[in-house]
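To start, the structure under review is shown below, and the notes come after it.
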Amino acid sequence: QVRLVESGGGLVQPGGSLGLSCAASRSTANIAVMAWYRQAPGKQRELVALTTSLGNTHYANSVKGRFTISRDNAKNTVYLQMISLKPEDTAVYYCNAKDGGLDAWGQGTLVTVSS
């Protein structure tokens, strides 16, 4: 198993930027997929972005060009850099690790985009 701890959420104005971090309790180098999901009030949890152990990335259409996912295996950390934030980006953001039978989630960090 792996324990994931997100940080970096907060309140930001529309058009602003924010960076999220996800610290893992063990090496992320061999974890097949590290991802960020989000869940807005009254909505289902949705995939925001993912990165594979081979270095591939995938983004939801709604965040393409604005969000960047990256992983630093030396620090066992996955990042989500967000720019040009919109009110509709407001949600609890969750980190996820998937590999075979592993499906671990962090506790989430709240991002609020509001003026």
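Just for the stretch 62-115: of the residues that are in a strand (DSSP E or B) and hydroxyl-bearing (Ser, Thr, Tyr), which one is farthest from Ala32 (Cα to Cα)? Steps first, please.
First pass over the stretch 62-115, keeping only residues in a strand (DSSP E or B): 67-72, 77-82, 91-99, 102-105, 109-113.
Retained after the next criterion (residues that are hydroxyl-bearing (Ser, Thr, Tyr)): 68, 70, 77, 79, 93-94, 109, 112.
Working: Thr68: 18, Ser70: 14, Thr77: 14, Tyr79: 16, Tyr93: 20, Tyr94: 17, Thr109: 23, Thr112: 30 Å.
Among them, the one singled out is Thr112.
Of the residues Ser114, Ser70, which single one is over 17 Å from Gln1 (Cα atoms), touching a helix residue (DSSP H, G or I) at 6+ places or on another chain (Cβ under 7 Å), open to solvent by 40 Å² or more (accessible area, probe 1.4 Å) and not aliphatic (A, V, I, L, M)?
Ser114
Look through the stretch 33-53, keep the residues that are of a type in the set (S, T, N, Q) and free of Cβ contacts under 8 Å to residues at least 24 places away in the same chain, and return whichever of them is surrounded by the most Cβ atoms within 10 Å (Cβ to Cβ).
Thr52
Considering only residues that are polar (S, T, N, Q) and touching a residue at least 12 places away in the same chain (Cβ under 8 Å), look in the stretch 54-67 and name the one that is farthest from Leu4 (Cα to Cα). Steps first, please.
Let us first name the residues in the stretch 54-67 that are polar (S, T, N, Q), namely 56-57, 61-62.
In the following step, the residues that additionally are touching a residue at least 12 places away in the same chain (Cβ under 8 Å) were identified as 57, 62.
On the way: Thr57: 20, Ser62: 25 Å.
The extreme case among them is Ser62.
Do you know which residues across the stretch 1-16 are assigned to a loop (DSSP other than H, G, I, E, B) and within 14 Å of the chain's Cα centre (by Cα)? Steps first, please.
Filtering the stretch 1-16 down to residues assigned to a loop (DSSP other than H, G, I, E, B) leaves 1-3, 8-9, 13-16.
Residues satisfying the conditions are Gly8, Gly9.
Might you let me know whether the stretch 1-20 holds any residue that is free of Cβ contacts under 8 Å to residues at least 40 places away in the same chain and touching a helix residue (DSSP H, G or I) at 6+ places or on another chain (Cβ under 9 Å)?
no
Being over 13 Å from the mean Cα position of the chain (by Cα), within 19 Å of Leu18 (Cα to Cα), of a type in the set (D, E, K, R) and modelled with pLDDT of 95 or more is the filter here; which residues of the stretch 68-115 pass it?
Lys86, Glu88
The values are calculated or read from the model by the stated rules, or taken from the named source; none is laboratory data. The structure displayed is predicted, hence computed values, not measured ones. Virtual Cβ from ideal backbone geometry, glycine too; neighbours counted across all protein chains shown. Ligands, DNA and RNA are excluded from the accessible area calculation, which covers all protein heavy atoms including side chains. Shrake-Rupley method; radii C 1.70, N 1.55, O 1.52, S 1.80 Å.
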